[in-house]
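**Student:** Here you go, one structure.
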Amino acid sequence: MPVVAAVKKAFTNIFVLSWDVSLTLINLVSPKRKIGHVTPKGFPGHDGKWPEYIAPSSEDSRCACPALNAMANHGILPRDGKNISFKELNHAIRTTFNFAPSFCFFVPHFSADMLHKPYSKGTFDLEELSLHNGIEHDASLCREDVVHQPDQGTPHLPFIKELLATATGKDAEGNPLLTPADLSAYSSKRRVDARETNPEFTLSFFHKMFGSSNSSTLLTILGGRIKDIEPFLVDERIPDGWESRIRAPMGLTLMTFNRTVLKVERGIDEKKYLASENETAQAPATAPSPSS
Ligand code: HEM
């Protein structure tokens, strides 16, 4: 990387970090947004009223991210998923999911760099975000690895069903909740399975962290609620009446988000998953009868 670009990148990162810390501190001392008033007035989803859901056609561009696809399916981003500006993406994820402005700047900016496009004037089609080993990586929870499925724009329902079935938590009304431990356990399984079945498997430290970041949105933004996660992952649809579970006035900062991400990533234990698999394989199929 040329020196000027490296210096610019370092300054941008320092700026985003300082901004993020300030927003985290403001959140700590400010009252939360009221339930039912998280999505701002005048924006899609205010009062739980989301624009009409239309499933994508084969002409539309979609990517490996269920959240961005859902925004396109509701017309919050262009329905065809094409010619989206990075700035437009920034503003749309801010009002739709209540991520902090620091996150909403950082991730689209990172994406622009990844695609070698300028952040301020550049545009992209959703499918470009599925660049392998950019943000997209092997052992995802909602997509088969690219070696098995080059089209990363469509959900892989068997994985999603398995993930949803792992939920061990319950909310106050007894509805199922996905916990950080559930997410770690399913991520362990996916990493072991992908390693065994993908001859081109790679997963750097950086992509492990990206994986846990992406999946941690299910715990933070969606609050782990299976009844919301299911339409979000299966149909890439925002349920009627839904709003982000993040009530912090400045939104979910990178700093606060990373506490959940680190918890999920630290809980991933491929050896433990393999050991439990071996135990299941070695257990007798039926219990011995008392007379034997
Ligand atoms: C600028 C914003 C964003 C970009 C560029 C982006 C990009 C991506 C990409 C490329 C993936 C595929 C990673 C993989 O291989 O598994 C992904 C996955 C994912 N993203 Fe996003 N995303 C963004 C915002 C969001 C938001 C706001 C949410 C939640 C509200 C979200 C939730 C998810 C989830 C749940 C996954 C699936 C993880 C998995 O299958 O393991 N993303 N995202």
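Readers should treat all values here as calculations from the given coordinates under stated rules, not as data from a laboratory. Quantities reported herein were computed from a predicted structural model and do not represent experimental measurements. All Cβ positions, glycine included, derive from the backbone under ideal geometry; neighbour counts span all protein chains shown.
**Student:** For the stretch 36-138, how big is the tail of P(r) above 21 Å, as a whole percent of Cα pairs? Before the final figure, lay out each step's value.
**Tutor:** Details: 1732 of 5253 pairs.
More than 21 Å apart: 33 percent of the Cα pairs in the stretch 36-138.
**Student:** Multiply the residue separation of D113 and D47 by 0.36 nm, subtract the distance between their alpha-carbon atoms, and state the gained length in nm to one decimal. Kindly include the intermediate steps, with their values, before the conclusion.
**Tutor:** Working: separation 66, 0.36 × 66 = 23.76 nm, distance 3.54 nm.
Full extension of this stretch gives 20.2 nm more.
**Student:** Sticking with this one: List the relative contact order of the stretch 1-109 as a percent without decimals, with contacts defined as Cα pairs under 8 Å and 6+ residues apart. Could the numbers behind the result be given before it?
**Tutor:** Working: 86 pairs, mean separation 25.2, N = 109.
After rounding, I find 23 percent.
**Student:** Right, next: Say R0 is 22 Å: what FRET efficiency, to the nearest 0.05, do L157 and T197 get from their beta-carbon distance?
**Tutor:** On the way: r = 18 Å, r/R0 = 0.80.
The value I calculate is 0.80.
**Student:** Using 0.36 nm per residue, how much length does the chain from L262 to N83 gain when fully extended, once their Cα-Cα distance is taken away?
**Tutor:** Values: separation 179, 0.36 × 179 = 64.44 nm, distance 3.38 nm.
Gain on extension, L262 to N83, equals 61.1 nm.
**Student:** Right, here's the next one. I need to check one value: relative contact order of the chain, counting alpha carbon pairs closer than 8 Å and at least 6 residues apart, in percent.
**Tutor:** Working: 428 pairs, mean separation 71.3, N = 292.
Relative contact order comes out at 24 percent.
**Student:** Given the rule -39500 (n - 2.57) for each run of at least 4 DSSP H residues, summed and divided by the residues of the chain, what is its mean residue ellipticity at 222 nm, to the nearest 500 deg cm²/dmol? Kindly include the intermediate steps, with their values, before the conclusion.
**Tutor:** Values: 10 runs with 140 residues, N = 292.
Result for the chain, helices only: -15500 deg cm²/dmol.
**Student:** While we're looking at this one, here's another question. Give me the distance in nm between label points sitting 7 Å out from Cα along the Cα-to-Cβ direction at A165 and E279, one decimal.
**Tutor:** Label-label distance for A165 and E279, simple model: 2.0 nm.
**Student:** Where does each of 56-63, 169-176 land if you order them by average Cβ count within 10 Å, highest first? Present the calculation step by step, with values, prior to reporting the outcome.
**Tutor:** Numbers: 56-63: 15.8, 169-176: 11.1.
Result, highest mean Cβ count within 10 Å first: 56-63, 169-176.
**Student:** I'd like to compare 209-219, 111-121, 79-89, 144-154: which one has the highest average count of other Cβ atoms within 10 Å, and what's the full order after that?
**Tutor:** So the peptides 209-219, 111-121, 79-89, 144-154, ranked by packing, come out 209-219, 79-89, 144-154, 111-121.
**Student:** So what's the gap between the Cα centers of the stretch 1-73 and the stretch 161-204, to the nearest angstrom?
**Tutor:** Result: 24 Å between the Cα centres.
**Student:** Next up: Taking the Cβ of S61 as the center, what net charge do the other residues with Cβ under 9 Å away carry, scoring Lys and Arg +1 and Asp and Glu -1?
**Tutor:** On the way: positive: R62, K82; negative: E59, D60, D80, D125, E127, E128.
Within the 9 Å Cβ shell, the charges total -4.
**Student:** Now, a different point. Can you work out the base-10 log of I(q)/I(0) for the chain at q = 0.07 1/Å, using the Debye formula on its C-alpha atoms alone?
**Tutor:** -0.28
**Student:** Aspartates and glutamates near K121 by alpha-carbon distance under 16 Å, same-chain residues fewer than 8 away left out - which ones?
**Tutor:** Partners within reach: E88, D113.
**Student:** Please get the size of the charge dipole for the chain, origin at its Cα centre, with Cβ charges of +1 on Lys and Arg and -1 on Asp and Glu, quoted in debye to the nearest 20. Before the final figure, lay out the partial values.
**Tutor:** Details: 32 positive and 34 negative charges, 266 e Å.
Dipole magnitude for the chain comes out near 1280 debye.
**Student:** Against the longest principal axis of the chain, how steep is helix 270-282, in degrees 0 to 90 to the nearest 10, with axes from Cα atoms?
**Tutor:** 30 degrees
**Student:** What angle, in degrees between 0 and 90 and rounded to the nearest 10, separates the Cα long axis of helix 205-220 from the longest principal axis of the Cα atoms of the chain?
**Tutor:** Roughly 90 degrees between the two axes.
**Student:** Using mean Cβ contacts within 10 Å as the protection proxy, how do 37-48, 188-199, 227-238 order, highest first?
**Tutor:** So the peptides 37-48, 188-199, 227-238, ranked by packing, come out 227-238, 188-199, 37-48.
**Student:** Here's another thing I want to ask about it. Give the angle, between 0 and 90 degrees and rounded to the nearest 10, that separates the Cα long axis of helix 86-97 from the longest principal axis of the Cα atoms of the chain.
**Tutor:** Result, in degrees: 60.
**Student:** For K263, give me every one of the lysines with a C-alpha distance below 20 angstrom, ignoring sequence neighbours fewer than eight places off in its own chain.
**Tutor:** Counting by Cα, and skipping residues close in sequence, K263 has these lysines nearby: K170, K189, K208, K271, K272.
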